[in-house]
Amino acid sequence: MSHSYSKSLESRLKSSSDSLESSHMDQSIQSSLSSSPSTSSYADPTSSNLNILSPYVPTPSTFIDRLIPLLKPYLEGAEVGTVPFIDIGSGDGRVCISISSHFNLPSLGLDVTSLCTSAAQKISLEESTLHLTTFLTLDATTLKLHDILNDQKLEAFRTARIVYLFIYPTLLKAVKNILKEIMGVNEGLRIVTQNYHFKDEEGEVEVSVDVEEDGFEGLKVWRRLY
């Protein structure tokens with residue numbers, strides 16, 4: 001599939017993406033004004049009590065087009081029956097949908113708001129990738145290793161090849177420890193950060209794309225987190 005797929009998808013989603021961005025911002029403000037904006041249960045984030053640590057920002061098609069060749073050696077040959085690609089902070093699902101379309105492989109998207117996961121499911125249905133994509137409304141900041149090892153909905157983490165993060169530093173920091181623990185039980189897992197990265201001393205980088213242009217500020221593949 002040509003990389004132009006992501007550009008076509010971006011154009012088609014322009015109006016709905018603008019609307020989602022506005023609604024997400026409103027929900028973020030509402031949550032920040034809550035007396036206790038943190039939820040203790042990853043599986044039960046509520047509309048008025050959310051850890052919204054990163055705004056909804058649609059991933060540009062140019063970013064996805066740079067991501068696809070980077071992922072090729074990691075995703076090709078993935079074991080049948082596994083979900084090799086996970087996107088934390090998946091928004092309207094366009095990254096998962098593009099990756100699943102290109103590689104014909106399953107993907108999993110996690111987002112703390114049902115606004116985003118509902119939009120992602122709708123778009124995936126329209127793009128005929130619903131059989132390949134799963135989107136869960138879930139607060140990744142409260143995940144524990146016990147959850148990963150015992151919750152069937154999260155079993156993808158046990159065999160995934162890639163966890164993709166295009167998220168603000170606040171959320172990046174909040175999910176670092178659980179990702180480190182997951183990498184301890186899934187040695188083949190790599191973490192890919194887009195634009196916002198862990199500090200060099202926080203892990204070991206396997207591959208780095210250092211181009212900076214048109215808002216793109218690099219991709220890093222992390223072999224290990226410290």
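Quick note: the coordinates plus some simple rules give every number you see, no bench work behind them. This is a predicted model, so every value here is computed, not measured. For neighbour counting, all protein chains shown are included, and Cβ atoms are generated from backbone atoms with ideal geometry for every residue, glycine included.
Note on residue 8 and residue 200: the extension gain reaches 65.6 nm, defined as 0.36 nm multiplied by sequence separation minus the Cα-Cα distance. With 20 Å as the limit, the listed pairs 7/122; 144/199; 176/199 have 144/199 beyond it between alpha carbons.
Among the GluC sites (Glu not before Pro) found in region 137-226, those both in a DSSP coil and sparsely packed, with 16 or fewer other Cβ atoms within 10 Å of their Cβ, are 155, 187.
Our summary gives region 4-225 a relative contact order of 17 percent, counting only alpha carbon pairs under 8 angstrom and 6 or more residues apart.
Ordering 85, 198, 216, 157 by the number of other Cβ atoms within 10 Å of each residue's own Cβ, fewest first, gives 216, 198, 157, 85. Treating region 110-226 as a set of equal point scatterers at the Cα positions, no solvent, please give the Debye-formula log₁₀ I(q)/I(0) at q = 0.11 Å⁻¹. Treating every Cα as an identical point scatterer, log10 I(q)/I(0) equals -0.41. On the beta carbon distance between residue 104 and residue 32, with R0 = 45 Å, the FRET formula returns roughly 0.65. The GNM of the chain, with springs linking C-alpha atoms under 10 angstrom apart, assigns the highest mean-square fluctuation among 30, 152, 194 to 152.
Electrostatic tally near residue 78: other residues with Cβ closer than 13 Å to its Cβ, Lys and Arg +1, Asp and Glu -1, net +1. Between 189, 132, 165, the GNM of the chain built on Cα springs shorter than 10 angstrom shows 132 fluctuating the most. Result for the chain in a Gaussian network model with C-alpha springs under 10 Å: among 28, 16, 61, the largest mean-square fluctuation is at 16. Shown in residue order for region 146-156 are the 3J(HN,Hα) couplings computed by the Karplus curve 6.51 cos²θ - 1.76 cosθ + 1.60 at θ = phi - 60°: 4, 4, 4, 7, 10, 8, 4, 5, 10, 4, 4 Hz (x for Gly and Pro). Relative intensity of region 42-196 on a log10 scale, I(q)/I(0) at q = 0.08, 0.10, 0.13, 0.16 Å⁻¹, equals -0.19, -0.30, -0.53, -0.84, per a Debye sum over C-alpha point scatterers of equal strength in the absence of solvent.
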